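Novice: Before I ask anything, let me first share the structure, which is written out below as structure tokens.
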Amino acid sequence: MSAPGRTAARTVPPVRALGRDAAAFTTETLRQMILSGEIPPGSELSQVELARMVGVSTTPVREALRQLEMEGLVESRRNRRPRVPAFDPGDLDAVYCARVLMEALAISITVPTMSADELAELRVDLDAMRAAGAVEDLTAWDIAHTSFHTRLIFGCEPALRRQIRMMMSRADHYRRMSVLSERPFGWKLGESEHEAILSACETREADEAAVLLSRHLARSARAVLAQLAPEQEPVSLDAALRMVGAER
């Protein structure tokens, strides 16, 4: 497997020792390796080497690669090995445009239905992000951050949630670039944005929550563009912000 900046291969116990479905385990393991940068953008993927790294046969690896291709984390190429896509500013623009449109709708549906317990769980997630950010524990921060954003859309239909989760997965490696490049400032700014979104949820201001969430997503996308493709204008993202009334 050709991987620029490749790190040492991890040691993973065989999947049968973990008592988990091989394909699901392999998919999740490879997803996290891609999102964390352990398998960097542009890497060509060898099924044999991936199987050795994860501790499975090549059969679940093939199934995992098909799923990850559907999520946009892997791309197939005719007569060549699949690979992790290189940074594509046009794809980032498209992914975040889709997220703004879908998540603005989803949060506007969710906010009126939120119970006191669900609002309290959002607060727990936010506190966990603060604690993780204070010690720059990216793994713990990621878990709390994913939980927070997932709760914001939980009131919409399952089919829409699935589409949003797919876009979240595709955006994750871009979001990580933003979080890592901006720390600690970016973590503090994200914390204040999350607090504002939660406050709007608590006061049942669904439209305001949708605007704040849209602007939060847009800032994350623009932070990556500013670092990696400063000449790129996020045309689709800007149009989506106008559609949901979140343009500044």
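The values are calculated or read from the model by the stated rules, or taken from the named source; none is laboratory data. Small disclaimer: the values here were computed from a predicted structure and weren't measured. Here the Cβ is made from the backbone with ideal geometry for all residues, glycine too, and neighbour counts use every protein chain on show. Remember, those area values only see protein heavy atoms, side chains included, never the ligands or the DNA or RNA. Shrake-Rupley method; radii C 1.70, N 1.55, O 1.52, S 1.80 Å.
Novice: How high is the relative contact order of segment 89-164, in percent, counting Cα pairs under 8 Å that sit 6 or more residues apart?
Specialist: Reported relative contact order: 43 percent.
Novice: From the phi angles alone, apply the Karplus equation (6.51, -1.76, 1.60; θ = phi - 60°) to segment 61-69 and give each ³J(HN,Hα) in whole Hz, x where the residue is Gly or Pro.
Specialist: Ordered by residue, 3J(HN,Hα) equals 5, 4, 5, 5, 5, 5, 5, 5, 5 Hz.
Novice: Please work out, to two decimal places, the log10 of the ratio I(q)/I(0) at q = 0.20, 0.28 Å⁻¹ from a Debye calculation in which every Cα of segment 198-248 carries one identical scatterer.
Specialist: -0.69, -1.02
Novice: Which angle from 0 to 90°, rounded to the nearest 10, does the C-alpha axis of helix 22-35 make with the longest principal axis of the chain?
Specialist: So the inclination is approximately 70 degrees.
Novice: Summarise the accessible area of the chain (1.4 Å probe, protein heavy atoms) by the percent that is carbon and sulfur.
Specialist: Values: 6390 of 11960 Å².
With neighbouring chains kept in place, the figure for the chain is 53 percent.
Novice: Once label points are set 7 Å from the Cα along Cα→Cβ at both Arg130 and Ser36, what is their separation, rounded to one decimal in nm?
Specialist: 2.8
Novice: For segment 81-95, just list the computed ³J(HN,Hα) in residue order, Karplus coefficients 6.51, -1.76 and 1.60, θ = phi - 60°, integers in Hz, with x standing in for Gly and Pro.
Specialist: Listing the rounded values in order: 5, x, 8, 6, x, 6, 4, 10, x, x, 5, 4, 4, 5, 5 Hz.
Novice: Provide the gained length on full extension for the span Thr150 to Arg66, in nm with one decimal, where the gain is 0.36 nm per separating residue minus the Cα-Cα distance.
Specialist: Length gained between Thr150 and Arg66: 27.8 nm.
Novice: Also: Under 13 Å from the Cβ of Ile164, count the other residues' Cβ atoms, weight Lys and Arg +1, Asp and Glu -1, and hand me the total.
Specialist: On the way: positive: Arg99, Arg151, Arg161, Arg162, Arg165, Arg170; negative: Glu71, Glu103, Glu157, Asp172.
Once positives and negatives cancel, what remains is +2.
Novice: Restricting to Cα pairs below 8 Å that are 6+ residues apart, what does the relative contact order work out to for the chain? Please round to a whole percent.
Specialist: Result for the chain is 22 percent.
Novice: By the scheme Lys and Arg +1, Asp and Glu -1, what is the net charge of all other residues having a beta-carbon under 11 Å from that of Val61?
Specialist: +1
Novice: Out of all Cα-Cα pairs in segment 68-183, roughly what percent, to the nearest whole number, are more than 20 Å apart?
Specialist: Working: 3429 of 6670 pairs.
In whole percent, the long-distance tail amounts to 51.
Novice: Which value in nm describes the separation of the simple spin-label points at Asp91 and Leu105, placed 7 Å from the Cα toward the beta carbon?
Specialist: Calculated label separation equals 2.4 nm.
Novice: Need the full-extension length gain, Arg248 to Ala229, defined as separation in residues times 0.36 nm minus the C-alpha distance. One decimal, nm.
Specialist: Between Arg248 and Ala229, full extension yields an extra 4.7 nm.
Novice: With θ set to phi - 60°, apply the Karplus curve 6.51 cos²θ - 1.76 cosθ + 1.60 along segment 121-127 and write out the HN-Hα couplings as whole Hz, x wherever there is a Gly or Pro.
Specialist: 5, 4, 5, 4, 4, 5, 4
Novice: Same structure again: Taking the inverse of the average 1/r across all pairs of different Cα atoms in the chain, what Kirkwood radius in Å do you get?
Specialist: Kirkwood radius, the chain: 19.1 Å.
Novice: For Glu193, what is the net charge nearby, where nearby means another residue's Cβ is under 9 Å from its Cβ and Lys, Arg count +1, Asp, Glu -1?
Specialist: 0
Novice: On average, how much accessible surface per residue is there in the chain, in Å², for a 1.4 Å probe, leaving out ligands, DNA and RNA?
Specialist: 48
Novice: Turning to a different aspect of this structure: Want the number for Thr113 to Glu157: 0.36 nm per residue separation, take away the alpha-carbon distance, what's left? Intermediate values should be presented prior to the final figure.
Specialist: On the way: separation 44, 0.36 × 44 = 15.84 nm, distance 1.26 nm.
Residue separation times 0.36 nm, minus the Cα-Cα distance, leaves 14.6 nm.
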